[in-house]
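**Student:** Just passing along the structure, written as structure tokens.
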Amino acid sequence: MTGAAPLLEARDLSVTFATPRGQVHALDGVELSVHRGETVGLVGESGSGKSTLALTLLRAIEPTGGEILFDGQAIGHLGSRALKPVRRRLQMVFQDPYASLDPRMKVGRIVAEPLRAHAYGDRARIAARVAELLEQVGLPADAAGRYPAQFSGGQRQRIAIARAIALEPDMVVADEPVSALDVSIQAQIVNLLQDIQDRLGIAYLVIAHDLPLVHQIADRIVVLYLGRVVEEGPAEQVVARPLHPYTAGLLAATPTVDTAGRPRLMLKGDPPSPINRPDGCPFHPRCPIARDRCRSERPALVAPDAGAARRVACHFPGEVPPPLAAGA
Amino acid sequence: MADTNTPPDARTEAPLLEIRGLRIGFPRPDGPPLVVVDGVDLSIRQGEILGLVGESGSGKSMLALAAMGLVPAPGYVMAGDIRLDGRDLVTLSEREWQKVRGRTLGMVFQDPMTGLNPVRSVGALLGESVRRHQKVGPEEAAAISEAALKAVGIPAARERLAAFPHQLSGGLRQRVMIALALVNRPRVIIADEPTTALDATIQAQILDLLRDRLHEAGGLMITHDLGVAAEICDRIAVIYHGRIVETGRTRDVLAAPRHPYTAGLLAAVPRFHGRGTRLIPIRGAPPGPVSERVECSFRPRCAKAAPECAAAPALEAIAPGRSVACHHPVAAAPAREDAQ
Amino acid sequence: MSDTTTSSRLSLLPRLRLWRSGLRGDAMLFAGLAMVGVLAVLALTVGLNPPREATTGNLRMRFRPPGTEGYLFGTDQLGRSVAGRVGAGMIWSLGIALVAATIALSIGTVLGLVAAWTPGWPRRVIRTVVDTVIAFPSLVIAVTVIALLGRGFWPLAITLGLATWPIAARVVYAEAMSIARRDYVVAAQLAGVGPVTILATHVLPALRPTLMTMFAFTFADMLVAESALSFLGLGVPITAPSWGNMLSESREYLVEAPWLMLAPAGAIVFAVVALNLIGDGIAANARKRGRAAM
């Protein structure tokens, strides 16, 4: 997997918004790659730019700098006509299944929307495909004739997934796909996404704030802080031995039923706003190990050792003790 | 009615907050009212945090609102009583409730922005609450307010008194709301999903604060997140479809759940050591509210459902301080102890 | 901004806000539609074929009070039937308001949607025009245009429509922008659906309750505006039996024949209440559906 060219790649991707209070650097030189059939988990807090990144990769937001490559093709500045064949292969699942389905449209038409847009076939062929898709996501066949309001949150997310996979895309970006759902329903949707991946070989970019969930489903984890990637690597390595102090802090902060009452590495303060970013390392005001160098010099995202599968943007990687080593 | 959810060491002490047989209903034009909380017993003792864990629609928030006298119309308390320090709250008038809320009962909500009046400064909000409930002058009220902000870990407390809620970050706003809940030293604090809207690193800070402050009184913590309950609650009560299905000490319940629903929730949550294994979902979805229940509400989703489950089980003690409402509880803890 | 009501500054009546009275949406809608139905039947019968008593005076029958045999609302200073004139005036008053509201909403909807859907110069131009027209007092515009076009049905209808469309454009623009940001519209874009299809399948259906509500309210506003302009002598020809003209003429006989004022005023209030009931009913139903969709 490492040798082949990535399916989706972001190179030095930047998005800057002009607001009355000044320039907001929502994304600042993001480096990211997703390979075929792989699941990448993108983790970050509010203000990290994770949702902006999703919408930018899908070209719903215009990048102000850098480039996006999809299967080798630069798509960062394509017009909507030239983008259409890319859209067919790159789809999205939204966080809120109550907002992402048009309440005035029957489920059959919602799922058929991408099929019609890409001239999948005649009426009968589309109807047959919709029926097949509804069955694949575990919905009854008569669902096509009903409205979204007649379904629960979990069922609506199944409808949204059916729409996303209708054209058998190469990749799906899922922005917090289960966080709006009840705990007992979340696992159903996670398993459905995994089954679909096993069957169709779709690559996922899953955006989530829930680290255990990302660890559960992702091959690789990318950690975003203030619009920059601060750490990236294989999921089990990142969780077992975080190299960036922010990753370590995020892991320690995550409440789980297994680790309750353990000593915590507590990160102080709030994530700063992207409007007034600190100089040097953007994390240094909250960092427990920050030194003078961190206040003046911004660390680049580099591999900590030659040949390592991981990358970290920290002058002193790995100095924070892994928070979970004692528990597991 | 046996007091089933009391740890043995606390049995002698009278509970601070005691809820008995609470039923909350919503009338409807064509039939008997829909019952959203159906015969719930709970008690909280001094220095204890009870976690009420449930999913959306379980009735957990309605129960919390009832304990604060805030059941939204046309909902109403159909039966049962709520005692705070021995005093029955259900029969209170709105005027009497206003003396209880903010004084003996502190409240923390999920969204600090809706819980705080946006046009009042932090100092005004705290000062008003202090002067409404305590006989003190303005200077003393300001001093009490400042101390309350310090107690919730707000730096530069004196300057923050002049700030307005919208000028504060989400984490600071939630700290202000906790300060407001605590400023009159209430006997019981009810926190409804207090960290759900917060980022992970802020959530950890607020949970730490709540653990310390709620233990000074008595705390009822409403949450959907077992991890959050595990962090700060001494005991938990799992609520499903308006009824408590399992209670016990947090450690015991999470280590060896006895109700199939609790066990199912635990198997459905991703954990750090479970990578590579599939999550085990609970099939189906929670039922909507009903006016009368016949069978066990969890029966349609339960892998262990049996003919007896056609009759709804009562919450019964199975061990000291431990109760379950199930005809076929999950087997007790496996022999293997989890490593520390 | 996303509120489904609009207001014209020509309106003399405050928005009635009937939904606050606790009436259910369907009940308001039904009552409003029934009242409009009565008006429509009357307009198509009496309005189009006014009885002779309405147009031809009978000087022996001047100032007869309501209830006089054959004269439901009595007679006026020329002995004409007041009821007949109110009926005949429907064509003028309701007709002008209907045409004006249609003009205002058609232009407003098209330009509002164009502005929302085409960022860049079309949006800037339309917004500038809207702001400019709104900045002018509508009465000044109306007086100027009428001075140029002369009085009459069409000049007044067109003038009112042209003075009002920017308000409709603003509402449609704001509403369409908020719809365009909804996840399901973004989802359609990302699925590769073209902008025109999105407009037709997602945006217009979502806009429908707003448009219907706005039409009912604008219709009511235009009715009041027509009456106001006619009352001021700036409306339809003095001889035309529009409700505004009737009100204007009734001023001189207010003491001896108050029914001359009460009949057209009652007709205006009836029509305005009916239209407000419809508008509020649609809005209340849309809100209820919105909540149910939550």
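The values are calculated or read from the model by the stated rules, or taken from the named source; none is laboratory data. Since the model is a prediction, treat every value here as computed from it, not as a measurement. Cβ sites come from the backbone with ideal geometry, for glycine too, and all protein chains shown count toward neighbours.
**Student:** Condition first: more than 8 Å from chain A (Cβ to nearest Cβ) and either of a type outside the set (V, I, T) or not in a strand (DSSP E or B) (or both). Now tell me which residues in region B:231-249 satisfy that.
**Tutor:** Of everything in region B:231-249, those that are more than 8 Å from chain A (Cβ to nearest Cβ) and either of a type outside the set (V, I, T) or not in a strand (DSSP E or B) (or both) turn out to be B:I232, B:C233, B:D234, B:R235, B:A237, B:Y240, B:H241, B:G242, B:R243, B:E246, B:G248, B:R249.
**Student:** Still on this model: Within the set of pairs 6 or more residues apart or between chains, which connect a residue that is more than 7 Å from chain A (Cβ to nearest Cβ) inside region C:179-202 to a residue that is in a helix (DSSP H, G or I) and modelled with pLDDT of 90 or more with Cβ atoms less than 6 Å apart?
**Tutor:** As it stands, the answer is C:I179/C:V203; C:I179/C:A206; C:V185/C:H202; C:I198/C:A188, since those pairs meet every condition given.
Condition check ((1) under 19 Å from the mean Cα position of the chain (by Cα); (2) of a type in the set (S, T, Y)) across all residues:
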{"position": "A:Y204", "(1), (2)": "yes, yes"}
{"position": "A:P212", "(1), (2)": "yes, no"}
{"position": "A:I217", "(1), (2)": "yes, no"}
{"position": "A:L224", "(1), (2)": "yes, no"}
{"position": "A:R241", "(1), (2)": "no, no"}
{"position": "A:P245", "(1), (2)": "no, no"}
{"position": "A:P272", "(1), (2)": "no, no"}
{"position": "A:N276", "(1), (2)": "no, no"}
{"position": "A:G280", "(1), (2)": "no, no"}
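**Student:** Could you tell me whether any residue of region B:126-141 is closer than 22 Å to B:V36 by Cβ and surrounded by fewer than 13 Cβ atoms within 10 Å (Cβ to Cβ)?
**Tutor:** Among the residues of region B:126-141, not one is closer than 22 Å to B:V36 by Cβ and surrounded by fewer than 13 Cβ atoms within 10 Å (Cβ to Cβ), which makes the answer no.
**Student:** Would you say B:L149 is under 27 Å from A:S273 (Cβ atoms), away from chain A (no Cβ under 14 Å) and modelled with pLDDT of 90 or more?
**Tutor:** In short, yes.
**Student:** Moving on to the next point. Out of region A:167-196, which residues are among the small types (G, A, S), surrounded by 23 or more Cβ atoms within 10 Å (Cβ to Cβ) and more than 10 Å from chain B (Cβ to nearest Cβ)?
**Tutor:** A:A174 - this is the single residue of region A:167-196 that is among the small types (G, A, S), surrounded by 23 or more Cβ atoms within 10 Å (Cβ to Cβ) and more than 10 Å from chain B (Cβ to nearest Cβ).
**Student:** On to the next question. When the residues of region B:284-309 are narrowed to those that are at pLDDT below 90 and within 12 Å of chain A (Cβ to nearest Cβ), which ends up farthest from the chain's Cα centre (by Cα)?
**Tutor:** Of everything passing the filter in region B:284-309, B:G284 is farthest from the chain's Cα centre (by Cα).
**Student:** What residue, among those in region C:57-69 that are out of contact with any Phe, Trp or Tyr (no Cβ under 9 Å at 6 or more places or on another chain) and surrounded by 12 or more Cβ atoms within 10 Å (Cβ to Cβ), is nearest to C:E256 (Cα to Cα)?
**Tutor:** Taking the candidates together, the pick is C:R62.
**Student:** In region B:58-76, is there at least one residue being under 29 Å from B:P313 (Cβ atoms), buried (at least 19 other Cβ atoms within 10 Å of the Cβ) and β-branched (V, I, T)?
**Tutor:** Yes: region B:58-76 contains one or more residues that are under 29 Å from B:P313 (Cβ atoms), buried (at least 19 other Cβ atoms within 10 Å of the Cβ) and β-branched (V, I, T).
**Student:** Also, quick follow-up: For region B:73-82, does any single residue satisfy the condition of being touching a residue at least 40 places away in the same chain (Cβ under 8 Å) and within 13 Å of the chain's Cα centre (by Cα)?
**Tutor:** Within region B:73-82, not a single residue is touching a residue at least 40 places away in the same chain (Cβ under 8 Å) and within 13 Å of the chain's Cα centre (by Cα).
**Student:** So if I check each of C:T164, C:T75, C:T102, which one is touching a helix residue (DSSP H, G or I) at 6+ places or on another chain (Cβ under 6 Å), under 22 Å from C:L275 (Cα atoms) and either of a type in the set (V, I, T) or free of Cβ contacts under 8 Å to residues at least 24 places away in the same chain (or both)?
**Tutor:** Selected residue: C:T164, the only one of C:T164, C:T75, C:T102 that is touching a helix residue (DSSP H, G or I) at 6+ places or on another chain (Cβ under 6 Å), under 22 Å from C:L275 (Cα atoms) and either of a type in the set (V, I, T) or free of Cβ contacts under 8 Å to residues at least 24 places away in the same chain (or both).
**Student:** Restricting to region B:186-205, give me the number of residues that are more than 18 Å from A:P272 (Cβ to Cβ), surrounded by 22 or more Cβ atoms within 10 Å (Cβ to Cβ) and within 13 Å of chain A (Cβ to nearest Cβ).
**Tutor:** Qualifying residue count, region B:186-205: 2.
**Student:** If you take just the helices (runs of 4 or more DSSP H) that sit entirely in region C:110-187, which of them hold at least 3 residues that are closer than 15 Å to C:M222 by Cβ and either at pLDDT below 90 or of a type in the set (D, E) (or both)?
**Tutor:** Passing ranges, in order: C:138-149, C:153-180.
**Student:** What number of residues in region B:52-84 are within 14 Å of chain A (Cβ to nearest Cβ) and not in a loop (DSSP other than H, G, I, E, B)?
**Tutor:** The qualifying residues number 3.
**Student:** Part of a helix (DSSP H, G or I) and within 21 Å of the chain's Cα centre (by Cα): is that true of C:G84 in this structure?
**Tutor:** The answer is no for C:G84.
**Student:** Here's something else I'd like to know. In region A:145-175, which residues are part of a helix (DSSP H, G or I) and more than 18 Å from A:L192 (Cβ to Cβ)?
**Tutor:** A:G145, A:A149, A:Q150
**Student:** Here is a further query. For region A:35-88, how many residues are within 12 Å of another protein chain (Cβ to nearest Cβ), crowded, with 20+ Cβ neighbours inside 10 Å, without any contact (Cβ under 8 Å) to a residue 60 or more places away in the chain and outside any helix (DSSP H, G or I)?
**Tutor:** 1
**Student:** List every residue pair whose Cβ atoms lie under 9 Å apart, where the two residues are 6 or more positions apart in sequence or sit on different chains, the first residue falls within region A:282-295 and is among the charged types (D, E, K, R), and the second residue, located anywhere, is assigned to a helix (DSSP H, G or I).
**Tutor:** Sorted first by the residue in region A:282-295, then by its partner, the pairs are A:R286/A:P245; A:R286/A:Y246; A:R286/A:G249; A:R286/B:T201; A:R291/A:H284; A:R295/A:H284; A:R295/A:P285.
**Student:** I need the full set of residues from region A:103-162 which are at the interface with another protein chain (Cβ under 10 Å from one of its Cβ atoms) and in contact (Cβ under 8 Å) with a residue 60 or more places away in the chain, in order please.
**Tutor:** A:A160 - this is the single residue of region A:103-162 that is at the interface with another protein chain (Cβ under 10 Å from one of its Cβ atoms) and in contact (Cβ under 8 Å) with a residue 60 or more places away in the chain.
**Student:** Another question, if that's okay. Could you check how many residues of region B:250-274 are aromatic (F, W, Y) and facing chain A (nearest Cβ under 7 Å)?
**Tutor:** Matching residues across region B:250-274 total 1.
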